[in-house]
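See structure below.
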Amino acid sequence: MQNKQEILEKLTGISSSRKSYYSELVYLVEEMKKKNRQLAVINELTQIQINATWPQTSSYLAAQLSQILAFEHFALTIVKGGMPASYLCIWTDSDWQCRTLTQPAAADPALFIEQVHQKLAEVLPQHFATSVPLRSQLNQTFGFLTLLHQEKRQADKEETELIELVARHVGVVVENSLLFQDVNEKIKIEAQLIQSAKMAAIGEMAAGIAHELNSPLTAILGNSQLLLRDMADGPTAPLMRDIYQCGVRCKKIIQNLLTFSRQEEYLFETVSIDEVVEDVLGLIGYQLSVSGLTITREMNVPSLLFHGSRHQIEQIVINLLLNARDALADSEAPQIVIRSFLAEEAGVRYVGLSVYDNGTGIPKEQLPQIFQPFFSTKERTKGTGLGLSVSLGIAEAHGGRLFAESEENGYSKFTLLLPLLEREEDNHGAETNFDCR
Ligand SMILES: Nc1ncnc2c1ncn2[C@@H]1O[C@H](COP(=O)(O)OP(=O)(O)OP(=O)(O)O)[C@@H](O)[C@H]1O
Ligand SMILES: [Mg+2]
């Protein structure tokens, strides 16, 4: 009997009397289940999307970690460029809602944690925060994980070890995301340089052509005006009037080309969105209409103003229209609708401009990629894949946004939002209820 007990102890690793044997076994099984759950969650942490936004990453971490750690709220803090940004996740009825808290970094990195706790205490008073640092391979701190509790509690040894283990795993993933963002930023800058070189070359060429055409056109306009005066209402007068009108149109196009090519300084000024559309259509409207497209304009009255670079916003609209033209190449009734409207988001008013086409549309899986530099589905000679990425960069530099909605084989709609330059009449202007999400 004694022997049997010994064998049992050796097999199970449990030294106990027969009475407590089963309860210890149950405890052991529960412990193993807990460890398995922790391992599964830690494994899940490696699934964080490298290109996810920080609020998305923070919500994901909160959802995963709440399965193995006890906390009421959760925050991920990233210290980047001397600016700690905390992504605080608060549990609402069904999911983790994330909000961003930023502040200038303390001069001494050792004070970062205190600073983060102070900021969190402003939003969640009477909560106790416990933070663990996220460290890089070079042992530099680039962020924190913070667990928030309503009651002061002391983590036991096991819990502390688990939090540190989690922080090591999250640290690797977050460091990869930071590296990815850095590389992506560099690719974007490179793309912008290539695109601006391309635009500069087009500008130079346009200026050359415009100068060449300007003098003969002045002669055509002047002479046709003189002849018209002599003809009075003679039978050939309508033909001459036609020549004169066409000349005026050419002059306008040339003026547009000249303005376009001269604008390399990217001056910020007060610009009306109507003028931008007008100028762009003056430049490429003909090119579009010869492709058999119908272009409809629905502009807000009164015209909406913004503060920005006319040239750069024109670049965006040109890119959008040329993309629409390409998407409509095989359409039966190709149509482009350009619409301007007033939009409002979180109390800020925006000038909205949408470019709609009923062309090929964009497959769902490609939609997240179209704003990435060098993403193109066009032939190599036709597209560089820079148009949208550069346009997005310009929109963001203006404090605005550019986004797309589309249905494959249905339509594409690109919307540009730029902060509105308020003027008295706009406060009484037609307001479009627009959902900016
Ligand atoms: N209106 C649209 N309809 C359908 N697909 C579009 C539309 N606009 C953009 N796309 C898709 O997005 C991709 C990226 O567009 P983007 O303007 O950045 O580059 P591109 O037009 O291919 O080249 P580039 O503008 O540099 O000459 C396009 O190749 C196309 O697949
Ligand atoms: Mg393009």
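The set of residues in the stretch 132-163 being free of Cβ contacts under 8 Å to residues at least 24 places away in the same chain and closer than 22 Å to Ala85 by Cβ consists of Leu138, Asn139, Gln140.
Consider the stretch 295-347 and keep the residues that are within 14 Å of ligand 1 (Cβ to nearest atom) and of a type in the set (D, E, K, R). The one that is nearest to Gly285 (Cα to Cα) is Arg325. Within the stretch 350-360, being open to solvent by 10 Å² or more (accessible area, probe 1.4 Å) and either within 14 Å of ligand 2 (Cβ to nearest atom) or in contact with a Phe, Trp or Tyr (Cβ under 8 Å, 6 or more places away or on another chain) (or both) holds for Tyr356, Asn358, Thr360. The condition of being modelled with pLDDT under 85 and outside the structural domain of Ser340 (by TED's automatic domain parsing) holds for only one of Ala237, Ala232, that being Ala232. Looking only at residues in the stretch 147-169 that are part of a loop (DSSP other than H, G, I, E, B) and in contact with a strand residue (DSSP E or B) (Cβ under 8 Å, 6 or more places away or on another chain), the one that is surrounded by the most Cβ atoms within 10 Å (Cβ to Cβ) is Ala155.
When every residue of the stretch 263-275 is checked against the conditions, none turns out to be of a type outside the set (D, E, K, R), open to solvent by 60 Å² or more (accessible area, probe 1.4 Å) and in a helix (DSSP H, G or I). Pairing each residue of the stretch 396-418 that is closer than 15 Å to Ile273 by Cβ with any residue that is of a type in the set (Lys, Arg) and away from ligand 2 (no atom under 16 Å from the Cβ), provided the two are 6+ apart or on different chains, yields C-beta distances under 6 Å for Leu417/Arg401. Considering only the stretch 348-384, how many residues are more than 7 Å from ligand 1 (Cβ to nearest atom), among the β-branched types (Val, Ile, Thr), under 20 Å from the mean Cα position of the chain (by Cα) and modelled with pLDDT under 95? Result for the stretch 348-384: 1.
Quick one: in the stretch 193-203, of everything that is open to solvent by 60 Å² or more (accessible area, probe 1.4 Å) and within 12 Å of ligand 1 (Cβ to nearest atom), which residue is nearest to the chain's Cα centre (by Cα)? Step by step, filter the stretch 193-203, then rank; the result is Ile194. Can you confirm whether Val116 is under 15 Å from Thr77 (Cβ atoms) and out of contact with any helix residue (DSSP H, G or I) (no Cβ under 7 Å at 6 or more places or on another chain)? The answer is yes for Val116. For the stretch 367-387, enumerate the residues that are within 12 Å of ligand 2 (Cβ to nearest atom), hydrophobic (A, V, I, L, M, F, W, C) and open to solvent by less than 80 Å² (accessible area, probe 1.4 Å). Listed by number, the residues that qualify are Ile370, Phe371, Phe375, Leu386. From the list Glu204, Glu190, the lone residue that is at pLDDT 80 or above and not assigned by TED's automatic domain parsing to the domain that holds Gln103 is Glu190. Here are some residues: Ser303, Ser331, Ser340, Ser309. Which one is open to solvent by less than 60 Å² (accessible area, probe 1.4 Å), of a type in the set (Gly, Ala, Ser), closer than 13 Å to Asp274 by Cβ and out of contact with any Asp or Glu (no Cβ under 6 Å at 6 or more places or on another chain)? Just a single option satisfies the conditions, and that option is Ser340. A single entry from Ile253, Ile284, Ile295 fulfils the requirement of being surrounded by fewer than 21 Cβ atoms within 10 Å (Cβ to Cβ) and outside the structural domain of Phe371 (by TED's automatic domain parsing): Ile253. When the residues of the stretch 389-413 are filtered to those that are open to solvent by less than 20 Å² (accessible area, probe 1.4 Å) and either of a type in the set (D, E, K, R) or near ligand 1 (Cβ under 7 Å from one of its atoms) (or both), the one that is modelled with the lowest pLDDT is Ser389.
The values are calculated or read from the model by the stated rules, or taken from the named source; none is laboratory data. Predicted, not measured: the structure shown is a model, and the values here were computed from it. When we count neighbours, we look across all protein chains shown, and the Cβ atoms used for this are built from the backbone with ideal geometry, even at glycine. With ligands, DNA and RNA removed, areas are computed over all heavy atoms of the protein, side chains included. Shrake-Rupley method; radii C 1.70, N 1.55, O 1.52, S 1.80 Å.
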